[in-house]
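All remarks here apply to the structure that follows.
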Amino acid sequence: MSAGSCVGTAVDSAPVDRGGTSPAETWDAFFSDFYLSAYADEERQGEADAQALSAARLSRCPEEGELLDVPCGFGRHAVPLARAGYRVTGVDRSDSLLAEARRRAGTERWPKVVRADYRDLPFKDESFDAAVNLFSSIGYLGDEEDTRALVEIRRVLRPGARLVIETMHRDLLITRFHEQDWQLLGAGRLLLEQRTFDPAAGVAQVTQTLIDGAGQRESRSYSLRVYTATELLAMLAAAGYSKAQCHGDLDGTRFTSATRLVIVAER
Ligand SMILES: C[S@@+](CC[C@H](N)C(=O)[O-])C[C@H]1O[C@@H](n2cnc3c(N)ncnc32)[C@H](O)[C@@H]1O
């Protein structure tokens, strides 16, 4: 089935949490086996390897340095970073995703993977040479709590160490806004993503529906704060980072409204 032939198809969805971001239970239900089915595609691992190494370069983590991947999800960046020689610790609050990260890490010493909320990291002050926060991993908690996560990440960075954030941002969302997209996954499965955006709250409401080869459907809905670069820079300053610079990707190209947002912030 071509992606275009499905446009306009109605799919039932659960109500979303309009106005603010979703509560923790909604995220936990999304970052689960459902997320693994939609995103843990081994065929795309090559792309993740390249992103991970570019992010580490931007972070200026020294060779064999201690690198925090926060949140690490199912380990698609933490595992190649560890293979490249960094002493990587991955943190995430999803048990299912961490189980997959451990499976991918095998019996190697690194990465270490730890279950924690990124607002409350179980590490001493100044433990890491660098940190990465990749693939739109901020915006789940709203302005105040997301800032708290940035403060907490800063706390565990050594003086002068860098945090690299790679994310969708509001200008790009608006420039490329589609109410729905279809994606063909492996084994004849489809992923449908339906979106609305509340411009006053800066919150996107998203429903993802997985349709398997037999036509069985499973949906998850969530509300995510999508920040502008300006907002994220202000949050980083409020969190105590001394400098921050925007790029359009992890290779350092120019940031515009039509690129993703990479921010390199320094403790
Ligand atoms: C979009 S995924 C990206 C994960 C990883 N960076 C990657 O690129 O595959 C976002 C991750 O954030 C995690 N997460 C969400 N809220 C969190 C929180 N409060 N504390 C720690 N992890 C959280 C989820 O479990 C999920 O693994």
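The values are calculated or read from the model by the stated rules, or taken from the named source; none is laboratory data. If you're wondering where the values come from, they're calculated on a predicted model, not measured in any experiment. Cβ placement follows ideal geometry from the backbone for every residue including glycine, while neighbour counts extend to all protein chains displayed.
Considering Y39, Y35, Y86, Y118, which residue is closer than 18 Å to D146 by Cα and buried (at least 16 other Cβ atoms within 10 Å of the Cβ)? Explain how you work it out, then say what you get.
Working: Y39 fails: closer than 18 Å to D146 by Cα; Y35 fails: closer than 18 Å to D146 by Cα; Y86 fails: closer than 18 Å to D146 by Cα.
One residue alone meets the criteria, Y118.
Just one residue in the set Q205, Q183, Q245 is modelled with pLDDT under 95 and either farther than 27 Å from Y35 by Cβ or assigned to a strand (DSSP E or B) (or both); that residue is Q183. Of all residues in the stretch 28-54, those that are in contact (Cβ under 8 Å) with a residue 24 or more places away in the chain and over 18 Å from S219 (Cβ atoms) have Cβ atoms under 7 Å from Cβ atoms of residues that are near the ligand (Cβ under 9 Å from one of its atoms) and not in a helix (DSSP H, G or I), 6 or more apart or on another chain, in A40/F74; Q45/R76; A48/R76; A48/H77; Q51/H77; Q51/L134; A52/H77.
For A161, the criteria (1) in a strand (DSSP E or B); (2) under 20 Å from the mean Cα position of the chain (by Cα); (3) among the aliphatic types (A, V, I, L, M) hold in every case but one, which is (2).
Can you find a residue in the stretch 65-73 that is more than 12 Å from the ligand (Cβ to nearest atom) and buried (at least 23 other Cβ atoms within 10 Å of the Cβ)? Break it down into steps so the answer makes sense when it comes.
Of the residues in the stretch 65-73, the ones more than 12 Å from the ligand (Cβ to nearest atom) are 65-67.
Keeping just the survivors that are buried (at least 23 other Cβ atoms within 10 Å of the Cβ) gives 67.
Checked against the condition, which is being more than 12 Å from the ligand (Cβ to nearest atom) and buried (at least 23 other Cβ atoms within 10 Å of the Cβ), the stretch 65-73 yields at least one hit.
Can you work out which of the residues in the stretch 74-83 that are more than 15 Å from the chain's Cα centre (by Cα) and within 13 Å of the ligand (Cβ to nearest atom) is surrounded by the most Cβ atoms within 10 Å (Cβ to Cβ)? Across the stretch 74-83, the extreme among qualifying residues is V79. Report, ordered by the first and then the second residue, all pairs with beta carbons closer than 9 Å, sequence separation of six or more or different chains, a first member in the stretch 125-138 that is more than 15 Å from F31 (Cβ to Cβ) and within 16 Å of the ligand (Cβ to nearest atom), and a second member that is of a type in the set (D, E, K, R) and in a loop (DSSP other than H, G, I, E, B). Final answer for the pair search is A130/R60. If you check R103 against the conditions, is it without any contact (Cβ under 8 Å) to a residue 60 or more places away in the chain, more than 14 Å from the ligand (Cβ to nearest atom) and either assigned to a helix (DSSP H, G or I) or among the aliphatic types (A, V, I, L, M) (or both)? Considered against the rule, which asks whether it is without any contact (Cβ under 8 Å) to a residue 60 or more places away in the chain, more than 14 Å from the ligand (Cβ to nearest atom) and either assigned to a helix (DSSP H, G or I) or among the aliphatic types (A, V, I, L, M) (or both), R103 comes out as yes. Filtering the stretch 211-250 to residues that are buried (at least 20 other Cβ atoms within 10 Å of the Cβ), farther than 17 Å from E266 by Cβ, of a type in the set (S, T, Y) and touching a helix residue (DSSP H, G or I) at 6+ places or on another chain (Cβ under 7 Å) leaves Y222, Y227. Among the residues of the stretch 231-242, is there at least one that is touching a His at 6+ places or on another chain (Cβ under 8 Å) and of a type outside the set (F, W, Y)? Checked the stretch 231-242: at least one residue is touching a His at 6+ places or on another chain (Cβ under 8 Å) and of a type outside the set (F, W, Y).
Checked against the criterion of being modelled with pLDDT under 95 and over 19 Å from the mean Cα position of the chain (by Cα), the candidates G240, G213 yield just one match: G213. Could you say whether any residue in the stretch 124-143 is assigned to a loop (DSSP other than H, G, I, E, B), of a type in the set (S, T, N, Q) and buried (at least 21 other Cβ atoms within 10 Å of the Cβ)? Looking for residues that are assigned to a loop (DSSP other than H, G, I, E, B), of a type in the set (S, T, N, Q) and buried (at least 21 other Cβ atoms within 10 Å of the Cβ), one finds none in the stretch 124-143, hence no. Residue under question is T21, and the condition is that it be assigned to a helix (DSSP H, G or I), surrounded by 15 or more Cβ atoms within 10 Å (Cβ to Cβ) and not aromatic (F, W, Y); does it hold? Against the criterion (assigned to a helix (DSSP H, G or I), surrounded by 15 or more Cβ atoms within 10 Å (Cβ to Cβ) and not aromatic (F, W, Y)), T21 does not qualify. Yes or no: G252 within 19 Å of the chain's Cα centre (by Cα) and in contact (Cβ under 8 Å) with a residue 24 or more places away in the chain? Considered against the rule, which asks whether it is within 19 Å of the chain's Cα centre (by Cα) and in contact (Cβ under 8 Å) with a residue 24 or more places away in the chain, G252 comes out as yes. Count of the stretch 55-64 residues, restricted to those that are crowded, with 19+ Cβ neighbours inside 10 Å and more than 12 Å from the ligand (Cβ to nearest atom), is 4.
Of all the criteria given as (1) within 16 Å of the ligand (Cβ to nearest atom); (2) in contact (Cβ under 8 Å) with a residue 60 or more places away in the chain, the one not satisfied by A149 is (2).
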